[in-house]
Amino acid sequence: MAPIKVVVSGAGNIKRQPELGVVSIRVRSRGAEQAAVSTEVRKAAQEIQAQGRQLAAPRHADYRAPSPAVDAAVTRWTSGSMTTRSYWERSKDKGRHNTFYGAQTHVGMTSGYSSDSSQGERDKEHQRTRVYEASVGLTATFRDFDSLSDFTTRMSVVPL
């Protein structure tokens, strides 16, 4: 008797509504003053976190009663640490954008005398300014898609 060979082929498809939605936000600022840039980012992140905390709180009439966060619009809320950096950026260079990142530095030596009358103009073209940048990342996992839509709409007009 010959061995029996069974071959099964097919495809399946199940459509389901999403159960969760994840929003990732990066708050970033840059400028000439380190303290101002960090303060801007910190304040903006705190405002966003306050909105996230309100959405993550359980919605019950008696706020003192222990209850799971099953009713909350946000099931998880995380915030990263603020990161900062600084770099040198050329003010202008004949239409080109040149940036010196991180710890890279430019060391140059000049004599006190120049017979070239355009030397001053070239020095102006190559001036560098220190730029400070700060950023922080926030992530929220939403269970309620109406709240997700409202939140993302509000965040779309927030500066930084």
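Each reported figure results from applying straightforward, stated rules to the coordinates on display, with no laboratory input. Keep in mind that what you see is a predicted model, and the values were worked out from it rather than measured. As a convention, Cβ positions derive from the backbone with ideal geometry for all residues, glycine included, and neighbour counts pool all protein chains shown.
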* Structure fact -> Within the stretch 19-37, the residues whose backbone N lies under 15 Å from a label point placed 7 Å from the Cα of Met155 along the Cα-to-Cβ direction are 20-28
* Structure fact -> At R0 = 45 Å the Cβ-Cβ FRET efficiency linking Ser91 and Glu19, nearest 0.05, sits at 0.30
* Asked: Once the other residues with Cβ under 13 Å from the Cβ of Glu33 are scored (Lys, Arg +1; Asp, Glu -1), what is the net sum?
  -> 0
* Asked: Binning every alpha carbon pair distance of the stretch 1-43 at 5 Å from zero, what are the percents per bin?
  -> 5, 11, 11, 7, 7, 7, 6, 6, 7, 6, 6, 5, 5, 4, 3, 3, 2, 0
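By how many nm would the segment from Asp71 to Gln54 grow when fully extended, if each residue of separation counts as 0.36 nm and the alpha-carbon distance is taken off?
On the way: separation 17, 0.36 × 17 = 6.12 nm, distance 1.21 nm.
Working it through step by step, the gained length comes to 4.9 nm.
If packing is taken as the average number of other Cβ atoms within 10 Å across a peptide's residues, how do 26-35, 4-13, 136-145, 39-48 rank, most packed first?
On the way: 26-35: 14.4, 4-13: 4.2, 136-145: 19.1, 39-48: 16.7.
Top to bottom by mean Cβ count within 10 Å: 136-145, 39-48, 26-35, 4-13.
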* Asked: Near Trp88, within a Cβ-to-Cβ distance under 12 Å, what is the net charge of the other residues, with Lys and Arg +1 and Asp and Glu -1?
  -> +3
